[in-house]
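*Asks:* I'd like to ask some things about the structure below.
The values are calculated or read from the model by the stated rules, or taken from the named source; none is laboratory data. What you see is a predicted model, and the numbers here were worked out from it, not measured in a lab. In this analysis, Cβ positions are derived from the backbone assuming ideal geometry, glycine residues included, and neighbour counts consider all displayed protein chains.
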């Protein structure tokens, strides 16, 4: 579960960063304040919250399914406890620390002029429309991807469980 969270956060944060072939010279590195203004324009904190909320929903569904596979007659109270466990994992994620961590990434990959051009676009009506629609797009994409991921993970998880059981049996023989 921890690997799944780590991978998801990595790809979520990486998806928001723009990449370039080389790091900008020091004289063309955007100021921290400029990057933070850009991240505010992009609603980075709220986007991270949307991503984390989507993750929580998908993780709860997966955890509930996993619990139900072990306890087929699970009660609503038991499932609520499963949900609470997932909530406790995600509520501890420090959004401000995540934002602070991505500032140097933007500074590494974008020049001052890159950041100015991207900021100009996102300040435009088309850019504002993308920003307005992005939470819904992200939530819908996470739901669609989460369903695919859950099915794939369930199939692989069953195979891994079988292989683990086989290893346990073999170790008991020795």
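*Asks:* Can you say whether residue 91 is exposed (fewer than 12 other Cβ atoms within 10 Å of the Cβ), out of contact with any strand residue (DSSP E or B) (no Cβ under 8 Å at 6 or more places or on another chain) and modelled with pLDDT under 90, as far as the supplied structure shows?
*Replies:* yes
*Asks:* Got a number for residues in region 122-162 being at pLDDT below 85 and either exposed (fewer than 12 other Cβ atoms within 10 Å of the Cβ) or on the phi > 0 side of the Ramachandran plot (or both)?
*Replies:* Here the count works out to 9.
*Asks:* Another question about this same structure. List the number of the failed condition for residue 108; all other conditions in (1) touching a helix residue (DSSP H, G or I) at 6+ places or on another chain (Cβ under 7 Å); (2) part of a helix (DSSP H, G or I) hold.
*Replies:* Here residue 108 clears every test but (1).
*Asks:* Limited to region 9-34, what total is found for residues that are surrounded by 11 or more Cβ atoms within 10 Å (Cβ to Cβ), part of a helix (DSSP H, G or I) and modelled with pLDDT of 75 or more?
*Replies:* 3
*Asks:* Kindly provide the set of residues from region 40-56 that are in a helix (DSSP H, G or I) and surrounded by 16 or more Cβ atoms within 10 Å (Cβ to Cβ), ordered by number. Break it down into steps so the answer makes sense when it comes.
*Replies:* Keep residues of region 40-56 that are in a helix (DSSP H, G or I), which gives 40-41, 44-56.
If the condition is that a residue be in a helix (DSSP H, G or I) and surrounded by 16 or more Cβ atoms within 10 Å (Cβ to Cβ), then 44, 47, 48, 50, 51, 52, 54, 55, 56 are the ones that fit.
Here's the yes/no breakdown for (1) over 13 Å from residue 30 (Cβ atoms); (2) within 16 Å of the chain's Cα centre (by Cα):
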site	(1), (2)
103	no, no
115	no, no
124	yes, no
127	yes, no
132	yes, no
135	yes, yes
140	yes, yes
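*Asks:* Looking at (1) within 18 Å of the chain's Cα centre (by Cα); (2) modelled with pLDDT of 85 or more; (3) surrounded by fewer than 16 Cβ atoms within 10 Å (Cβ to Cβ), which is the one condition that is false for residue 37?
*Replies:* Of (1) within 18 Å of the chain's Cα centre (by Cα); (2) modelled with pLDDT of 85 or more; (3) surrounded by fewer than 16 Cβ atoms within 10 Å (Cβ to Cβ), only one is false for residue 37: (1).
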